[in-house]
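Below: the structure, in structure tokens.
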Amino acid sequence: MKIAILYISKHGTTEKIAKQIADALAEYDCNVIDIKKHKHPDLEKFDYLILGSSIYAGKIQQAMDNFCHQYLAQLQPKVIGLFVCGMQPTEEQREQELMRAFPSELFERTTTKSFLGGEFLFEKMSIWERWIVRHISKVSNSVSMINDHAVQQFISKLQSHLVLASLDDNNSSLDVNKLPETEDDDLPVEVFSGVMWECGMVKSILEDAGIEAFFNNENLGNVAPWIAAPGGSGAINVVVAKHDFQTASAIVQQFIKNNEA
Ligand SMILES: Cc1cc2nc3c(=O)[nH]c(=O)nc-3n(C[C@H](O)[C@H](O)[C@H](O)COP(=O)(O)O)c2cc1C
């Protein structure tokens, strides 16, 4: 599966984040393309595309906006992620900027989109930019406000999406031998067992992928006795409906692999 992260960056922050995302998706032949240098990349070569731009004066960079409009038809079916970098201080303003950043034709059909924070790098700014930042943002030194948590969440959502896509592509079938023999497709089955924070992450990654997931508890143990009892180790379980098990397992395997890396 071939992926391209198409980005534009003035002082290097968006580029840094684009490369971080590419590293996390390395297993998918992930290419990082600066659209300032490569104005007409061959989009046909890629299965999936991710777009990233920094925000200046409330907008994504003009060259990214032009690029999106010029290649809208090719981008539309392939874009799986949109991200922006910026220094807006309030959540409300960040949401506004993200929502307005890319053409609505791309924004509305993409589920993974995020404002990932930014940096003021005074040493790289022009005198004019320094003046604006000092007067408008009241900041006079370089500062990094990259939202690492948002970056990780963005990557996790993309990974879930790609796992689902590769399942579709390969029509691959996972080992479902450990599933209980039951005709009832809705019965809960364990898909992951771990400590609380791991289970919390798995649950939210599954939910982002559209799979209903919940923690095992005593009541569930009564109706679904094959689910491992929590025991005294502090471990808990994440369970999904049997009909979601195959897809959920693939996502969980990806999660485990990432955490081992
Ligand atoms: C002159 C100037 C104007 C900016 N305007 C905005 C803005 O309107 N909204 C915002 O969220 N960030 C704004 N920023 C912050 C940039 O988006 C931030 O520095 C970002 O990390 C730059 O990424 P880049 O190096 O990839 O271009 C501004 C920065 C400068 C220097």
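A few points about this structure:
- For VAL191, the amide hydrogen comes within under 5 Å of the amide hydrogens of VAL238, VAL239, VAL240, counting only partners 5 or more places away or on other chains and with H modelled in the peptide plane.
- Legend: Rg and Dmax of segment 3-168, from Cα coordinates, 15.6, 52 Å.
- On Cα atoms only, tilt of 148-170 relative to the major axis of the chain in degrees: 60 degrees
- Cα-Cα over 19 Å, subset of LYS203/LYS257; LYS10/LYS37; LYS19/LYS157; LYS39/LYS157; LYS78/LYS257; LYS16/LYS113: LYS39/LYS157; LYS78/LYS257
- Debye, to nearest 20: dipole size of segment 30-109, +1 on Lys, Arg Cβ, -1 on Asp, Glu Cβ: 280 debye
- Cβ charges +1 (Lys, Arg) and -1 (Asp, Glu), total dipole of segment 3-168, debye: 580 debye
- Dipole-positive endmost among LEU121, TYR71, GLN93 within segment 44-140 (Cβ charges, Cα centre): LEU121
- Along its first, second and third principal axes, ordered by size, segment 42-135 spans 42, 28, 17 Å in Cα coordinates.
- Helix 91-101 and the long axis of the chain differ in direction by around 80°, with both axes built from C-alpha atoms.
- Gyration tensor (alpha-carbon) shape descriptor, segment 1-54, a/c threshold 1.5: oblate
- Taking a point 7 Å out from the Cα of LEU43 in the direction of its Cβ, the residues of segment 1-26 whose backbone N falls within less than 19 Å of it are 2-9.
Just so you know, all these numbers are worked out from the coordinates, no wet-lab data involved. Note that the coordinates shown come from a computational prediction; the quantities given were computed from them, not determined experimentally. Don't worry about glycine lacking a Cβ; one is built from the backbone with ideal geometry, like all the others, and counts go over all protein chains shown.
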